[in-house]
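The values are calculated or read from the model by the stated rules, or taken from the named source; none is laboratory data. Small disclaimer: the values here were computed from a predicted structure and weren't measured. So basically every Cβ, Gly included, is an ideal-geometry build from the backbone, and we count neighbours across all protein chains shown. To get the accessible areas, we keep the full protein, side chains included, count just its heavy atoms, and leave off ligands, DNA and RNA. Shrake-Rupley method; radii C 1.70, N 1.55, O 1.52, S 1.80 Å.
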Amino acid sequence: MSTLPDRPHTALIVIDVQQGVVAEAPRREEVVGNIDALVEKARGDGVPVVWVQHSDEELVRGSDEWQYVPELVRAQSEPLVHKSYGDSFEGTDLEDVLADLRVGRLVVAGAESDACIRSTIHGAFTRGYDVTLVGDAHTAGDKSAWGAPPAEQVIAHTNLYWQFQAAPGRTAGVVETRDVTFSG
């Protein structure tokens with residue numbers, strides 16, 4: 001159980017599945033389809049879905065690239081958190097949103113595996129949240145031109161190390177979309 005007092009609920013966090021972020025991502029359609037299935041499952045289970053949307057000098061707010069992919073549609077009642085740093089908690093109201101919902105456990109999906117996903121799952125974990133990464137519902141662009149491994153290896157490595165993450169009073173793990181449960 002999380003180290004956050006009186007936070008019994010779970011939320012699905014969908015990070016940066018924006019047109020300019022996932023346009024060239026490997027398995028784009030599969031990952032977006034898995035995220036859509038997670039959103040529908042969360043809604044059906046009465047679990048909050050929190051959307052996170054990044055902007056910076058390359059991903060300009062209001063541009064086509066900044067928009068969420070058309071396959072994923074946020075319900076008007078679902079929180080939208082705007083961010084400009086990798087960690088979705090930094091400089092945002094995400095913590096306030098989650099506190100208001102009494103959320104202590106996060107199920108995380110989105111992009112990019114080696115940037116905003118990694119920063120956010122670590123940021124959440126150090127803040128006391130239980131964090132489950134959905135292994136087949138996150139992706140990354142190819143950064144091999146800058147010395148990074150191919151995107152598929154980045155995704156696999158993120159899944160590998162997150163399943164062994166540990167700290168007192170918190171849990172971490174990786175599950176596939178079909179195995180996601182929004183309870184406990």
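Being more than 20 Å from residue 118 (Cβ to Cβ) and open to solvent by 30 Å² or more (accessible area, probe 1.4 Å): is that true of residue 42 here? Spell out how you get there, then give the answer.
Working: more than 20 Å from residue 118 (Cβ to Cβ): yes; open to solvent by 30 Å² or more (accessible area, probe 1.4 Å): no.
Judged against the criteria, residue 42 is not a match.
Looking at the stretch 54-172, what strands (runs of 3 or more DSSP E) fall wholly within it and have at least 3 residues that are more than 26 Å from residue 8 (Cβ to Cβ)? Spell out how you get there, then give the answer.
Details: elements: 80-83, 103-111, 130-139.
Hits in the stretch 54-172: none.
If we scan the stretch 27-37, do we find a residue that is assigned to a loop (DSSP other than H, G, I, E, B) and not acidic (Asp, Glu)? Before the answer, list the steps.
Initially, the stretch 27-37 is screened for residues assigned to a loop (DSSP other than H, G, I, E, B), giving 27.
Narrowing further to those that are not acidic (Asp, Glu): 27.
Yes; the residues of the stretch 27-37 include at least one that is assigned to a loop (DSSP other than H, G, I, E, B) and not acidic (Asp, Glu).
Only residues that are in contact with a strand residue (DSSP E or B) (Cβ under 7 Å, 6 or more places away or on another chain) and of a type in the set (Phe, Trp, Tyr): list them for the stretch 47-86, please.
Those that are in contact with a strand residue (DSSP E or B) (Cβ under 7 Å, 6 or more places away or on another chain) and of a type in the set (Phe, Trp, Tyr): 51, 66, 68.
Would you check which residues across the stretch 1-37 are of a type in the set (Ser, Thr, Tyr), at pLDDT below 95 and within 19 Å of residue 181 (Cα to Cα) and list them? Walk me through how you get there before you give the answer.
Keep residues of the stretch 1-37 that are of a type in the set (Ser, Thr, Tyr), which gives 2-3, 10.
Pick out the ones that are also at pLDDT below 95 and you get 2-3.
Hit for the stretch 1-37 is 2, nothing else.
Quick check on my filter: what residues within the stretch 38-49 are over 15 Å from residue 134 (Cα atoms) and outside any loop (DSSP other than H, G, I, E, B)? Steps first, answer last, please.
As a first pass, look at the stretch 38-49 and keep what is over 15 Å from residue 134 (Cα atoms): 43-48.
Once the filter is applied, which keeps residues that are over 15 Å from residue 134 (Cα atoms) and outside any loop (DSSP other than H, G, I, E, B), the stretch 38-49 yields 43, 44.
Every residue in the stretch 4-24 that is of a type outside the set (S, T, N, Q) and more than 20 Å from residue 107 (Cβ to Cβ), please.
Residues of the stretch 4-24 that are of a type outside the set (S, T, N, Q), as a first pass: 4-9, 11-17, 20-24.
Result: 5, 20, 23, 24.
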